[in-house]
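Below: the structure, in structure tokens.
Readers should treat all values here as calculations from the given coordinates under stated rules, not as data from a laboratory. Keep in mind that what you see is a predicted model, and the values were worked out from it rather than measured. Using ideal geometry, Cβ is built from the backbone for each residue, glycine included, and neighbour counts are taken over all protein chains shown.
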Amino acid sequence: MNKRISIHDLRPGMFITGMDRSWFKTPFLRHKWTIKREDEIALLRSYGIQEVQIDTEKGLDLAEVSGVQYTHEDQDLSPTAPLTSPPRVGPGPNLDDIESARLLRAEAISTMEVFFRQMEAPLPEHLQEVRTVVSTLLDGILEHQAAMVSLIQMRRFDPNLASHGVDTGMLAMAIGQEHGCDPTQLKLVGLAALLHDIGQLRLPLNMIRKVGRFTVQEQKLMQAHCEMGIAILNQFPDIPDESKRMVLEHHERLDGSGYPRGLQGHQILELTQILSIADTYDAQISGRCSLPPVPPARALSELYRAAVNGQYHPYLVQRLIQLLGVYPIGSLVRLNTGEQAVVVWVHSHGRMTPTIKLLKDTLGQPYQEPEIIDLGAQGATTPFRSIETSLDPSQEGWDMSKILEALW
């Protein structure tokens, strides 16, 4: 049960679910956590928080706080504490993590779909729904980063503005976390990512759904969505200027080849670059802006090539590769044995040795019972397997959407 209490009544052991200040205006990474130490309460007071909301089913109630003791051995779940990943068990993901991540993503997409429909008559209070999505996704990234990022790979063509915003947001915040961004920066880039294509609501629907390349005129109209987006977001005075700037500039490139203003180098925020990289990758693998989807490994390769050519900071693209692996989940690959397989999981400790599911044998015949193999933990009694190259599913006759749906 949720109840609101004074900050003076807050004690270690209570589970916070809210506070009397916007989470966006605090430095806390989390917006829900168990209070473990008195100094966490002091930190809340120092930011002017007078009241908090607690969940008495997940933590202690006022009548239960006496006699509770915590030692330095207790796990640190404070809002600013770095989280360490649990040790990997088995060849693939924790299925409970996958399910939790799937539910978080579905809830976030549903909320964003409602928000975008409200843009016919936007009101300032509508923004709170988007802030809630940012906090939900950031919690998901902190608790289930691998599972959250994996879901981005487990779907293909999807023109939905809400799902693209949510997936771009998850990926941008995950890249930011890998890069060492502070909580405020993660919130800013997460908010911008959810809203970065909001200007497309002002474009003709038949153009957004077009399959095939845009005409010159359509391309010019599409490029106007950045400024159209700012016109919409200016109706929300509480959106931070940094997030608005990212929305306006997410198609700018370091070499000046982007739009709408052809900015270069240090004129572009580092956070904007993180958003741009996440947006480009998700757009490529999902198929947006009239272009067909491309395999994940090829999307990464093209991003890296663009970075080498001066469009992105190479070190930020490297962060994405560290996050996803050289062969991301969903990549169709050929092994040194001649077999074909699909990457089903990427381990943080071994980006070059993911877990794969065998699809075709050395003679090109489909396996009747595909085997799942962790390339980083192969036994001495089986043939040694390694990835030789990535393949194009369409050229090999595979419907990757069906394979991805059945991954886990």
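Figures for the structure shown
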item	result
Cα centroid separation, the range 101-179 to the range 323-366 (Å)	28
Full-stretch length increase - N2, Q50 - with 0.36 nm per residue and alpha-carbon distance subtracted	15.6 nm
Value of [θ]222 nm, deg cm²/dmol, for the chain, DSSP H segments ≥ 4, -39500 (n - 2.57) each, nearest 500	-13000 deg cm²/dmol
Inter-probe distance in nm under a simple model that places probes 7 Å from Cα toward Cβ, at A224 and D392	3.5
For semi-axes √(5λ) of the Cα gyration tensor in Å, calculated from these coordinates, the label among (i) 78, 31, 25; (ii) 37, 30, 18; (iii) 67, 30, 17	(ii)
Rounded FRET efficiency, nearest 0.05, which uses the C-beta distance separating L95 from N160 and R0 of 22 Å	0.30
Those lysines that a straight Cα-Cα span of less than 20 Å connects to K187, excepting residues fewer than 8 apart in one chain	K25, K32, K244
Hits among aspartates and glutamates - C-alpha to C-alpha of K220 under 18 Å, sequence gap 8 or more where chains match	D197, E249, E252
The chain - charge dipole about Cα centre, Lys and Arg +1 at Cβ, Asp and Glu -1, debye rounded to 20	920
Separation in nanometres of the label points that stand 7 Å from Cα toward Cβ, at L103 and Q365	4.4
